[in-house]
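The values are calculated or read from the model by the stated rules, or taken from the named source; none is laboratory data. Model, not experiment: these values are computed from the prediction. Ideal geometry is used to build each Cβ from the backbone, glycine not excepted, and the neighbour counts take in all protein chains shown. The area values use the complete protein model at the heavy-atom level, side chains included, leaving out ligands, DNA and RNA. Shrake-Rupley method; radii C 1.70, N 1.55, O 1.52, S 1.80 Å.
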Amino acid sequence: LQAIVDGSEQLERSKSIGVLTAALRDDWYAARECLLEASPDNAANLRLIESAAFLVSLESSTPTTHEEFSQACYCSDGTNRYFDKNFQILVFANGRYGFNGEHSLTDATTDMRLCNTLVSDVEAFAADFPKVLEQGTSESIAATTVQYYSTKEIVFEYNSALDEHIQKAIAFFDNTVHSHELSTLVFDSFGKEQIKNMKVSPDAFVQMAMQLAYYRKHRHVPPTYESASTKSYSRGRTETSRSVSQHSLEWCQMMVDHPETTGLHAKSEVLKQAIVQQSQFTALCAKGAGIDRHLLGLQYALLPHEPVPEIFTNPTFVGSRHWKLSTSQISDPILEAYGWGEVVDDGYGVAYRIENESLHFNVVSQGLGSARLCRYLSDALTDMRFLLTNSHKQPHEIMADVDAVANMLSSIKLLSSSPRLSSSPRRSSSPDAQASPSPGIPVAAPSAYGPDTEGSGGNRFRFRDSFVPNTAVAHTMVEELDMLPSNEVICALETRLSRFVKESLYWALPSTS
């Protein structure tokens, strides 16, 4: 590897054979025939590449963010790839490494088993490497390696026709990449453990979040594909778990179209029904009791001269397989990013991972607004947690909670704008010091609700009861606020956050119409 790095120059893009594999299949076939005709040596060189167990790509790029890393593993610039290969190991200049796989041969469960072995081997080698360095410097090790291992560059012969094929492939590749938008979402507010505490399936929970996010953005439910593994059977691969149901549609309509007509309890019950139905159907698919692979097999079993049964041309059936949401989950601690493209031009490819304390999404589409869908996903996840944990509350109780938050923010704003005490007392262990607020420390204004108002002022009075007597805490808050560059930050935060809370929970609050 060191010899390859030392003896190689950056390949000109116009001389890249690998970029031909990114072309349309018919174009790649024509280019491959041209490549073979250009020189007898080209056939032998191509045979070397095609017969290799896998390829290793030594990259010059240094991806750092989630999106950069995903994009680099997904496509890069097409030069240092051979997309027909079953898989390629990608090693970047900053030490990160990834995997690019061709999907027709294997599914993600098989690839992840391979990747886990790869990662464990790499980590074991990295742990032992300091011992190797004790026996000599890295330079001497590299020099010794170069002496014992020689490398031979694979050199292709070109002609004008092949050059044209390469330029056509580069143009197609660049146009395809430019038309796509890849966005990532790292949602770290909660993860699998918190979802399980809500007594629902984490996978089905995330599937319903995608339904709500899509509905909010496009105002209709999409034909949705979720991959269900059938690996429990010999040569089993996948089955289609359909996420859309009558319950999921009804719930999305309740949340978006007419939220004021139903309370939290009704919304949560329909959501739970949608989650249960999704979980049950996925379980059936894993047992081989799905419908899509069966129907696909029957469709492909038709001979050219045989009449096509009406079901395969029925607009509803055809539309139901136009997967505008193509989704799949792989959750493994070795993964930093994971994804693929959409399967229809007007759809999204959504890869997701469910970790213990976080949820991760990789969204790809052709200019449909992948980043915006990520924002809708974040909102949907937050709303669903709120819904399932507050379904026992009435709208006016939610309003009281919102007002309590606003009241707390107002108190913080008052603290931040209060006159500073030049000799503010430090924390004292005296009972008197903790029994009453010090002069100059404003507290929350009296509540608009009476103390006995049912379902209204409880949270607000709990805040004030814990805040007012604790002078030491008040002084600490003031001292911390003094460290901020401007009290205008607090004022802006109070105004905007209060408005944001009310706007984001519009579906849960009492109707004002």
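Every condition in (1) at pLDDT below 85; (2) surrounded by 13 or more Cβ atoms within 10 Å (Cβ to Cβ) is met by VAL122 except one, and the failing one is (1).
Provide a single number: the residues in the stretch 305-322 that are open to solvent by 50 Å² or more (accessible area, probe 1.4 Å) and either touching a residue at least 24 places away in the same chain (Cβ under 8 Å) or in a helix (DSSP H, G or I) (or both).
Summing the residues that are open to solvent by 50 Å² or more (accessible area, probe 1.4 Å) and either touching a residue at least 24 places away in the same chain (Cβ under 8 Å) or in a helix (DSSP H, G or I) (or both) in the stretch 305-322 gives 8.
When the test is whether a residue is open to solvent by less than 30 Å² (accessible area, probe 1.4 Å), of a type in the set (Phe, Trp, Tyr) and free of Cβ contacts under 8 Å to residues at least 24 places away in the same chain, PHE361 does not pass it.
The selection criterion, being surrounded by fewer than 19 Cβ atoms within 10 Å (Cβ to Cβ) and closer than 19 Å to ILE334 by Cα, holds for ALA127. Pairing residues of the stretch 156-172 that are closer than 15 Å to LEU36 by Cα with residues that are of a type in the set (Gly, Ala, Ser) and in a loop (DSSP other than H, G, I, E, B), at Cβ distances under 7 Å and at least 6 apart in sequence or on separate chains, gives GLU157/SER39; ILE166/SER16.
Quick test for you: out of GLY297, GLY339, pick the one residue that is open to solvent by less than 50 Å² (accessible area, probe 1.4 Å), closer than 30 Å to PHE83 by Cα, among the small types (Gly, Ala, Ser) and touching a Leu at 6+ places or on another chain (Cβ under 9 Å). Before you say what the answer is, go through the steps one by one.
Numbers: GLY297 fails: touching a Leu at 6+ places or on another chain (Cβ under 9 Å).
Of GLY297, GLY339, the one residue that is open to solvent by less than 50 Å² (accessible area, probe 1.4 Å), closer than 30 Å to PHE83 by Cα, among the small types (Gly, Ala, Ser) and touching a Leu at 6+ places or on another chain (Cβ under 9 Å) is GLY339.
Residues to consider are LEU325, LEU373, LEU302, LEU264; find the one that is crowded, with 16+ Cβ neighbours inside 10 Å and more than 21 Å from PRO223 (Cα to Cα). Exactly one residue qualifies, and that residue is LEU264. Those helices (runs of 4 or more DSSP H) of the stretch 1-83 in which at least 2 residues are open to solvent by less than 20 Å² (accessible area, probe 1.4 Å), considering only elements entirely within it, cover 25-38, 40-51, 66-74. In the stretch 105-133, the residues that are closer than 17 Å to GLN88 by Cα form Cβ pairs under 7 Å with partners that are of a type in the set (Lys, Arg), at six or more places apart or across chains, as follows: ASP107/ARG237; THR109/LYS231.
Among the residues of the stretch 220-261, the ones that are buried (at least 20 other Cβ atoms within 10 Å of the Cβ), in a helix (DSSP H, G or I) and among the hydroxyl-bearing types (Ser, Thr, Tyr) come to 1 in all. Checking PHE173, PHE205 one by one, the residue that is touching a Gly at 6+ places or on another chain (Cβ under 7 Å), within 28 Å of TYR74 (Cβ to Cβ) and assigned to a helix (DSSP H, G or I) is PHE173 and no other.
ILE334 fulfils the conditions (1) at pLDDT below 95; (2) closer than 24 Å to ALA213 by Cα except for a single criterion, (2).
Results for (1) without any contact (Cβ under 8 Å) to a residue 24 or more places away in the chain; (2) more than 19 Å from the chain's Cα centre (by Cα); (3) over 30 Å from GLY263 (Cα atoms); (4) in a helix (DSSP H, G or I), shown as yes or no for each residue.
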site	(1), (2), (3), (4)
VAL350	no, no, yes, no
ARG353	no, no, yes, no
CYS374	no, no, no, yes
GLU397	no, yes, no, yes
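Scanning the stretch 3-25 for residues that are touching a residue at least 12 places away in the same chain (Cβ under 8 Å) and either among the charged types (D, E, K, R) or within 14 Å of SER60 (Cα to Cα) (or both) yields a total of 8. Of the residues making up the stretch 84-111, those that are among the aliphatic types (A, V, I, L, M) and buried (at least 18 other Cβ atoms within 10 Å of the Cβ) are LEU90, ALA108.
Across the stretch 370-414, what is the total count of residues that are polar (S, T, N, Q) and under 14 Å from TRP507 (Cα atoms)? If you could, list the steps in order and put the result at the bottom.
First, pick out the residues of the stretch 370-414 that are polar (S, T, N, Q): 370, 378, 382, 389-391, 394, 407, 410-411.
Narrowing the set further to residues that are under 14 Å from TRP507 (Cα atoms) leaves 382, 390-391, 394.
Here the count works out to 4.
Of all the residues in the stretch 185-243, those that are closer than 23 Å to SER370 by Cα and within 19 Å of the chain's Cα centre (by Cα) number 29. Considering only the stretch 201-208, I want to know if a residue exists there that is open to solvent by less than 30 Å² (accessible area, probe 1.4 Å), closer than 25 Å to TRP340 by Cβ and of a type in the set (Gly, Ala, Ser). Taking every residue of the stretch 201-208 in turn, at least one turns out to be open to solvent by less than 30 Å² (accessible area, probe 1.4 Å), closer than 25 Å to TRP340 by Cβ and of a type in the set (Gly, Ala, Ser).
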